[in-house]
Amino acid sequence: MANNRPDLPISDLYEETKRKLDEVTILYEMTKIATSSLGVDQFLSETVGSLRNLFQSDALYLALVDAKGKKFSFHSFDREGEKKEFEDFLEDALPREVARRGEAIRVNDLRELEGGDSDGAFSEMCVPLKAGSRLFGLLDVRRERSNPFSAGELDLLKRTSDHLAKLIEKVSSEERYRAVVEGVLEGVMVINGDRCLTYCNEKLSEILGFSKDELIGIKFDRLVEKEIDLAKPQSASSGGDGTGDSSFPEEVRVRRKDGKIRVLEIRSTRLDDLAGQGNRIAFVKDVTEKKKMEEQLLQAEKLRALGEMASGVAHDFNNALTIILGNIQLLLFSTKSEEERETLRTIEKVAKDSARTVKRLQEFARNKAQHQLYRLDINAIVKDAIEITRPKWKDDALARGISFEVVANLREVSCSAGNVSELLEVITNMIFNAIEAMPQGGRVELGTFEKEGKVFIQIKDNGIGMTEEIRQRVFEPFFTTKPFTNSGLGLSMSYGIIQRFGGDIAVESELGRGTIFTISLPVRSGIEKERTACVSIEEGKGTKILVIDDEELVRDVLLQTLSRANYEVTLASSGEEGLRLFCERPFDIVLTDLAMPTLSGWEVCRRIKEISPHTQVGMITGWGLELDPQQVMESGVDRVISKPFDFGRILNVVAEMRKAAEKNASTATETSPKETFPVLSGIEM
């Protein structure tokens, strides 16, 4: 049950999984009944009961006829107070119509059919049972009209009836037991006392990739990664008798003939042969895709929790970084000593790295619907990543006396959608991980290909690989095998980025066999390219700016920064003071913090726009990534500036606001609706 649609809502995914589980359950149940029943009547009687429970029906009828159209078998669960005979059933409107047409019909009001129930009291589905082209029976399910059958239930009934028809034929044959085993949806094998396979069905052959002849006689332990006790008893409390005749379902990893790893669920029971030799019959179910889905849901929950945690600390941390980074850049602007400038650049780099970490943490809490996606040229980004990492895998490696080979096998692929710098960061991070996994040198292969509406990026190394325990945890936030040199956020953030793009990351790895990371992204067309904004510093020319922030040090950084460009800056320590100053004198631009006591930035923006609709208003906040665009628009905010901000970029965006203010002043009688409100990210990523 692979989730091939990563953008599928959880509720729809749950319903789809439930439908598949219902189908597998009833098919398995019917097959199990067929295997253990002594004859057709017993099989049909028990099957009718299972079907009635599955469809929660008020009545269910199964009628079989022989080659001459005469009654062969009739099994029914009637509605309360009603006892329907075979002949009466065949005279009912819907069974009669299905028999005539030879195809399944669902009716939620029998009054729609000629000769149907006069009061239309129930919903009904009826499907034919066929052997080839010959109709030999009908399966009819009825329920009160207040709870009508869905089209999905009809599809399930049709698939169930197809399987049922085959089982009826098989149970009726001399080799019914072996034939049923061959037709089940699970793998089946018989293992003797020496733990060798003496029988297997086609399904097991399909699961393992070996032919039946190759499997017969093979040691069971050769197929699994670790030995398991097939006779481990199931306790009486869990449905077993505690004797060892039945065993718990056991999950094991096996290697197929083609080398691929699959996760199987195995359950066995004791089966003595005629000579009294103790054999075990085992039922094998491939749960690989189910396990992957569970891992994805667990990972999503962990990332959601991390996002909530990040939201709680990001604002305060960004305020502190704003003060640190702003003062460092002001000092860099004025300091002439190269030694001092070098020290300041080191501090600036650390502050920017910290800002990037906060931003990435915030990404986990970010609603992907608010995230603008742009066209991605996948092959170009992969090539850029190889070049960016070249100093690591070539120059640094040669200096250490080791050698790496980085190979690109890039096929022509369609464009996807996302953020160029973020995808570049993901691929770069995975190349670095691959290099670190090969301490003695090795080979890294990067490939791209397209399949079934998705673009795939594969990063493969022949390094040391990882254990299954580590593989399952590689995307966990803060999990690392290098605690003193790594934060443990790289792969978890990469996972979050790809998830926001509507894609997924899969990892395959074994100790000594290397690792393969596979990124899948949906093909997207009609997506615009990302525009790169130019950063420049322009003179303020006497433009009047009102800065409102309850943090004194933040106000001081903004005052010094804006004054460098000759802006006339007035400071206010609260929303109330800022509104009072705005009413007392004119301002071209207002920059306000969001989180302030008493009067929030939202309210300040709304009131300023009510007083002067043409005044440019900017929101400076540590919550920039998480703001609701609808609320931004309704509050009249012209720019959202995320903390911590860069010296040059804050001046650049204020210059854009100044130009807009001048244009508004010259066309004061005109109004123009704002269509978009760009977010200024303070740090170049």
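The values are calculated or read from the model by the stated rules, or taken from the named source; none is laboratory data. Computed from a prediction, not measured in an experiment: that's the story for all the values here. Cβ atoms come from the backbone with ideal geometry, glycine included; neighbour counts cover every protein chain shown.
Are any of the residues in the stretch 596-615 closer than 17 Å to S642 by Cα and part of a strand (DSSP E or B)?
Going residue by residue through the stretch 596-615, those that are closer than 17 Å to S642 by Cα are 596, 600-602, 605.
Okay, now just the ones that are also part of a strand (DSSP E or B), so none.
The answer is no; no qualifying residue exists.
I'd like the residue in the stretch 213-239 that is assigned to a loop (DSSP other than H, G, I, E, B) and loosely packed, with under 12 Cβ neighbours inside 10 Å and, out of all such residues, is modelled with the highest pLDDT.
G217
State whether one or more residues within the stretch 469-482 are at pLDDT 85 or above, closer than 30 Å to N379 by Cβ, outside the structural domain of E662 (by TED's automatic domain parsing) and under 22 Å from the mean Cα position of the chain (by Cα).
Yes; the residues of the stretch 469-482 include at least one that is at pLDDT 85 or above, closer than 30 Å to N379 by Cβ, outside the structural domain of E662 (by TED's automatic domain parsing) and under 22 Å from the mean Cα position of the chain (by Cα).
If you go through the stretch 150-161 one residue at a time, do you hit one that is surrounded by 16 or more Cβ atoms within 10 Å (Cβ to Cβ), in the same structural domain as R106 (by TED's automatic domain parsing) and at pLDDT below 75?
no
Select from the stretch 572-602 the residues that are among the polar types (S, T, N, Q) and crowded, with 17+ Cβ neighbours inside 10 Å and write down the one among them that is nearest to the chain's Cα centre (by Cα). Please lay out each step first, then the result.
Of all residues in the stretch 572-602, those among the polar types (S, T, N, Q) come to 573-574, 592, 598, 600.
With crowded, with 17+ Cβ neighbours inside 10 Å added as a condition, the list becomes 574, 592.
On the way: S574: 43, T592: 37 Å.
Filtering the stretch 572-602 for residues that are among the polar types (S, T, N, Q) and crowded, with 17+ Cβ neighbours inside 10 Å, the one nearest to the chain's Cα centre (by Cα) comes out as T592.
Restricting the first residue to the stretch 397-419 and requiring it to be assigned by TED's automatic domain parsing to the domain that holds V444 and buried (at least 16 other Cβ atoms within 10 Å of the Cβ), which pairs with a second residue that is assigned to a strand (DSSP E or B) and of a type in the set (F, W, Y) meet a Cβ separation below 6 Å and a spacing of at least six or different chains?
Once the first residue is assigned by TED's automatic domain parsing to the domain that holds V444 and buried (at least 16 other Cβ atoms within 10 Å of the Cβ) and sits in the stretch 397-419, its partners that are assigned to a strand (DSSP E or B) and of a type in the set (F, W, Y) give A397/F404.
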